[in-house]
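Asks: Quick one: this structure, given as structure tokens, is what I'll be asking you about.
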Amino acid sequence: MEEGRAERRRRTEAPSHPQGGTGRAGVMTDVHRRFLQLLMTHGVLEEWDVRHLQKHCYRVHDRTATMEALEDFINNINSVLESLYIEIKKGATEDDGRPVYALVNLATTSISKMASDFAENELDLFRKALELIIDSETGFASSTNILNLVDQLKGKKMRKKEAEQVLQKFVQNKWLIEKEGEFTLHSRAILEMEQYIRETYPDAVKICNICHSLLIQGQSCETCGIRMHLPCTAKYFQSSPEPRCPHCNDYWPHEIPEVFDPEKEREAGTSRASKRSLRSRQH
């Protein structure tokens, strides 16, 4: 019976397998290691850049090898990272649904992970901004409202001018996004902090009615109040001439966003790469 209890406890305490994980250790080559190092440097990358990064790593370390499919390539890395409570996680931008990948620490909250890069009062400023963003209806917090909380920060006193610089540092490190003087969470923060946000703000957290993931920005039904990410809204109503709420069937009053088109994105990426190549040849 003691062995049975120990086995049940082991299964309960073990983390779930990373996305697509097989539960067995993979084999990390120099290509995989280089890819992982570069992804760690960037924190988060869009899928186009991830594919470009994978090709770069093969060119540098193993030109003769057949390149793995991206999903298999990442699953292989994740199977090795599993014991370290780290995984490469795929998500999407909330505004237009572009696929993104981030290296996510499963063992700690991202605020504690940020501790090595930010001082105590800077981390507390992030917490204050996060609370305002989570509590807001729009998923944004104005810089004015964030800066008004500077006097309440823990640790060393911070002037508003310093706080403005710290907010820009959060933007540069891809924890926040700034749009016209308002801040929201970057895709990196959402991927890393979803579980933390769900546990810390259970009464304020918003969940998408379609994908059931954390929602910061989105649209809501004016009748029943359910919410949907903009990309989820776009896909759900893609072929609906008269969009209706999936929960209460009332008319959906918002403008329906466009569905993200990876083909157009690839064409745009190819065009950008060609322009960069042309400029480099000209200089």
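The values are calculated or read from the model by the stated rules, or taken from the named source; none is laboratory data. Note that the coordinates shown come from a computational prediction; the quantities given were computed from them, not determined experimentally. In this analysis, Cβ positions are derived from the backbone assuming ideal geometry, glycine residues included, and neighbour counts consider all displayed protein chains. Remember, those area values only see protein heavy atoms, side chains included, never the ligands or the DNA or RNA. Shrake-Rupley method; radii C 1.70, N 1.55, O 1.52, S 1.80 Å.
Asks: Scan the helices (runs of 4 or more DSSP H) fully inside region 47-140 and keep the ones with 3 or more residues being without any contact (Cβ under 8 Å) to a residue 60 or more places away in the chain and assigned by the TED database to the domain that holds Gln152.
Replies: Values: elements: 47-61, 70-81, 110-113, 120-135.
Once the helices (runs of 4 or more DSSP H) in region 47-140 are filtered for at least 3 residues that are without any contact (Cβ under 8 Å) to a residue 60 or more places away in the chain and assigned by the TED database to the domain that holds Gln152, what remains is 120-135.
Asks: Could you tell me how many of the residues in region 54-84 are in contact with a strand residue (DSSP E or B) (Cβ under 7 Å, 6 or more places away or on another chain) and among the hydrophobic types (A, V, I, L, M, F, W, C)? Write out each step before concluding.
Replies: At the first step, the residues of region 54-84 found to be in contact with a strand residue (DSSP E or B) (Cβ under 7 Å, 6 or more places away or on another chain) are 74, 77-78, 81.
When the remaining residues are screened for being among the hydrophobic types (A, V, I, L, M, F, W, C), the result is 74, 77, 81.
Of the residues in that region, 3 qualify.
Asks: Is it true that Arg198 is farther than 18 Å from Glu46 by Cβ and loosely packed, with under 12 Cβ neighbours inside 10 Å?
Replies: Working: farther than 18 Å from Glu46 by Cβ: yes; loosely packed, with under 12 Cβ neighbours inside 10 Å: no.
Considered against the rule, which asks whether it is farther than 18 Å from Glu46 by Cβ and loosely packed, with under 12 Cβ neighbours inside 10 Å, Arg198 comes out as no.
Asks: Which residues, taken from region 146-163, are touching a residue at least 12 places away in the same chain (Cβ under 8 Å) and open to solvent by 80 Å² or more (accessible area, probe 1.4 Å)?
Replies: Let us first name the residues in region 146-163 that are touching a residue at least 12 places away in the same chain (Cβ under 8 Å), namely 146-147, 149-150, 152-158, 160, 163.
Hits for region 146-163 are Gln152, Lys154, Lys156, Lys157, Lys160.
Asks: Let me ask something else about it. Could you tell me whether Asp250 is without any contact (Cβ under 8 Å) to a residue 24 or more places away in the chain, out of contact with any Phe, Trp or Tyr (no Cβ under 8 Å at 6 or more places or on another chain) and of a type outside the set (Ser, Thr, Tyr)? Lay out the reasoning, then the answer.
Replies: Working: without any contact (Cβ under 8 Å) to a residue 24 or more places away in the chain: no; out of contact with any Phe, Trp or Tyr (no Cβ under 8 Å at 6 or more places or on another chain): yes; of a type outside the set (Ser, Thr, Tyr): yes.
So Asp250 fails the test.
Asks: Moving to a separate point now. Within region 50-101, restricting attention to residues that are more than 17 Å from the chain's Cα centre (by Cα), of a type in the set (Asp, Glu) and surrounded by 15 or more Cβ atoms within 10 Å (Cβ to Cβ), which residue is modelled with the highest pLDDT?
Replies: Among residues in region 50-101 that are more than 17 Å from the chain's Cα centre (by Cα), of a type in the set (Asp, Glu) and surrounded by 15 or more Cβ atoms within 10 Å (Cβ to Cβ), the one modelled with the highest pLDDT is Glu68.
Asks: Hey, among the residues in region 177-192 that are in a helix (DSSP H, G or I) and within 18 Å of Val166 (Cβ to Cβ), which one's most open to solvent (accessible area, probe 1.4 Å)? Full working, then the answer.
Replies: Our first condition is that a residue be in a helix (DSSP H, G or I); within region 177-192, this holds for 187-192.
The next check asks that each one be within 18 Å of Val166 (Cβ to Cβ); those that pass are 188-189.
Details: Arg188: 34, Ala189: 0 Å².
The residue in question is Arg188.
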